[in-house]
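Below is one structure, written out as structure tokens; comments come after it.
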Amino acid sequence: TPVAEEHFFSVFFRNKLGARFHHRNTQNLGPRLLLACLPGEYHEFGLLLFALAAHDRGYRLILLGGDMPLAELPGVIEKTHCDAVVLSGSEHLCCDDLKQELINLQQHRLCPIYIGGQLTEQCQQVFTKLNLQIIGTDLAKALDQIALQFA
């Protein structure tokens, strides 16, 4: 079934990436990115592809995976001293449901917050009003946009 295949490949890919990050993350000296899926987002594949591309560009990564409660991120940001947060979501999430959680996260102003994935198209107005950095679905363009923050 398509769902079973997606789960299989996500787990396989996550395991492969985990080994790669474990062995090579100490070699990367770039900014530290905290990567997570938005609450209610269980599809990690796009985030994992982003993580692979970011890792190859020298970023240090903290990968939290799917369905991350945003209220917990400020503590993680402080403990890990990350330089930016990248959140991912697909089109099945509700913009209005995420809005208050994103406002609460923004109030901490600990580091820049980027939003990527298919959700960015349908929630663009909400994200723009919150002054979140929208990076869309193109991995190379997203990483170029994030790199400007650290130039």
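The values are calculated or read from the model by the stated rules, or taken from the named source; none is laboratory data. Everything numeric here is computed off the predicted structure, so don't read it as measured data. Note that each Cβ is placed from the backbone with ideal geometry, even for glycine, and that neighbours are counted across all protein chains shown. With ligands, DNA and RNA removed, areas are computed over all heavy atoms of the protein, side chains included. Shrake-Rupley method; radii C 1.70, N 1.55, O 1.52, S 1.80 Å.
Some values worked out for this structure:
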| read-out | value |
| --- | --- |
| Magnitude of the charge dipole, the chain, Cβ model with Lys/Arg +1 and Asp/Glu -1, debye to 20 | 660 debye |
| In segment 44-151, trypsin sites (Lys or Arg not before Pro) in a DSSP loop with at most 11 other beta-carbon atoms within 10 Å | Arg109 |
| Separation of alpha-carbon centers, segment 37-70 and segment 1-18, rounded to whole Å | 14 Å |
| Helical segments meeting 18 Å axial Cα length and Kyte-Doolittle -1.0 threshold in the chain (DSSP H) | 2-24, 95-108 |
| Options Ala4, Leu139, His55, ranked by Cα towards positive dipole end of the chain, top entry (Cβ charges) | His55 |
| Simple Cβ-charge dipole of segment 7-92, Lys/Arg +1 and Asp/Glu -1, about Cα centre, in debye nearest 20 | 480 debye |
| Cys residues of the chain counted as unpaired, since no other Cys beta-carbon is under 4.7 Å | Cys37, Cys82, Cys94, Cys111 |
| Surface share of carbon and sulfur [accessible, 1.4 angstrom probe, percent] for segment 1-148 | 54 percent |
| Listed residue (Ile103, Phe150, Gln124) projecting farthest to the positive dipole end of the chain, Cβ model | Phe150 |
| For the chain, accessible area per residue (1.4 Å probe, heavy atoms of protein chains only), Å² | 55 Å² |
| Ranked packing of 84-90, 69-75, 145-151, most packed first, by mean Cβ within 10 Å | 84-90, 69-75, 145-151 |
| Lysine pair count for the chain [Cα-Cα under 25 Å; pairs on different chains or 8 or more apart] | 5 |
| Rounded to the nearest 10 Å², the accessible area of Asp97 at probe 1.4 Å | 110 Å² |
